[in-house]
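A quick write-up on the structure given underneath.
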Amino acid sequence: MKINPKIKAYAIIALIALLIPISINWFTFLAHFFSDGNDTPVNPLEYKILTDSTAAVSNCLLLETDTISIPEKAHIKGNEYTVTKIEKKAFSYCRRLTNIEIPKSVTSIGYSAFENCSNLTNIDIPVSVTNIGYSAFKNCSNLTNINIPANVTSIEEGTFNGCFQLNNVEIPASVTKIGYSAFSNCSRLKSIKIPTSIEKIEDSAFRNCSGLKNIEIPESVINIGYSAFAGCSNLNVVINNSKDDVVVGEDAFKGCKSVRYTKNP
């Protein structure tokens with residue numbers, strides 16, 4: 001009896017599926033199964049075409065990968081595209097990811113792009129990036145250092161919320177706003193310089209940053225939100241303005257060591 005080749009192929013695939021434990025990540029298995037002769041796995045990244053010449057990283061297929069290098073060029077269906085964006089949630093919950101290389105072609109990082117990447121320790125964001133979405137690095141609990149490119153104008157809601165190990169951040173002079181809960185719960189953040197470009201520090205921006213000791217808020221800041229520095233129990237605050245010229249939300253400095261204004265009304 002002659003067996004139809006298609007039926008035979010399906011039977012082989014079904015047999016392989018039965019032999020592979022459920023705990024094995026299917027994407028990992030397929031990546032190695034279809035690797036080339038040098039045992040080099042297929043690219044673990046998925047892409048989304050944006051324009052005739054550009055594309056975005058939309059997903060990471062191998063959740064247990066520890067190091068990823070995003071290429072500047074992506075080849076999709078025989079065509080070449082420049083990678084200009086990391087899409088929303090592209091690497092979220094890649095808990096084993098420790099290092100990632102981002103090419104200079106990337107200009108935008110979408111919201112929650114690296115959220116809950118709990119083993120990510122350092123990331124070098126190229127100067128080409130002008131936009132970082134909200135919660136982009138939320139709960140990256142082992143991230144120790146971050147560089148914010150000079151062309152970013154706003155630190156959005158929850159961008160670094162829950163980055164407990166973060167101890168060094170430099171905010172560039174291009175930034176005009178620090179968003180809601182942007183650095184909240186960054187308990188090891190020891191110091192941060194607020195540039196004179198900042199006009200607004202939103203609600204809970206630095207809430208529970210208990211490692212902060214001294215901060216100087218420049219005259220350019222005219223609005224400090226609700227609970228902006230609440231729970232910063234070791235913090236001495238100097239505001240280079242008068243009480244009448246700054247709108248200060250309720251409990252903005254609750255629990256802080258001291259708050260001092262340098263100007264009279």
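Within a straight-line Cα-Cα reach of under 23 Å, LYS48 can be paired with the following lysines, leaving aside sequence neighbours fewer than 8 residues apart in one chain: LYS73, LYS77, LYS85, LYS88, LYS89, LYS104.
Amide H contacts for VAL259 (H built 1.01 Å from N in the peptide plane; partners 5 or more residues away or on another chain; cut-off under 5 Å): VAL237. Shown for ASP124, ASP52: other C-beta atoms within 10 Å of each C-beta, ranked fewest to most, produce the order ASP52, ASP124. Across segment 70-81, rounded Karplus estimates of 3J(HN,Hα) from the backbone phi angles (6.51 cos²θ - 1.76 cosθ + 1.60, θ = phi - 60°) give 7, x, 6, 10, 10, 9, 10, 6, x, 10, 9, 10 Hz, Gly and Pro being marked x. In this structure, ASP244 and SER197 have a Cβ-Cβ separation that, at R0 = 30 Å, corresponds to a calculated FRET efficiency of about 0.85. Counting only residues at least eight positions apart within a chain, or on another chain, the lysines with an alpha carbon under 16 Å from that of LYS190 are LYS213, LYS257. Taking label points 7 Å from Cα along the Cα-to-Cβ direction, SER220 and ASN264 give a separation of 2.8 nm.
Values in this text are rule-based calculations from the coordinates and carry no lab data. Everything numeric in this text was worked out from a predicted model, so none of it was measured. Virtual Cβ from ideal backbone geometry, glycine too; neighbours counted across all protein chains shown.
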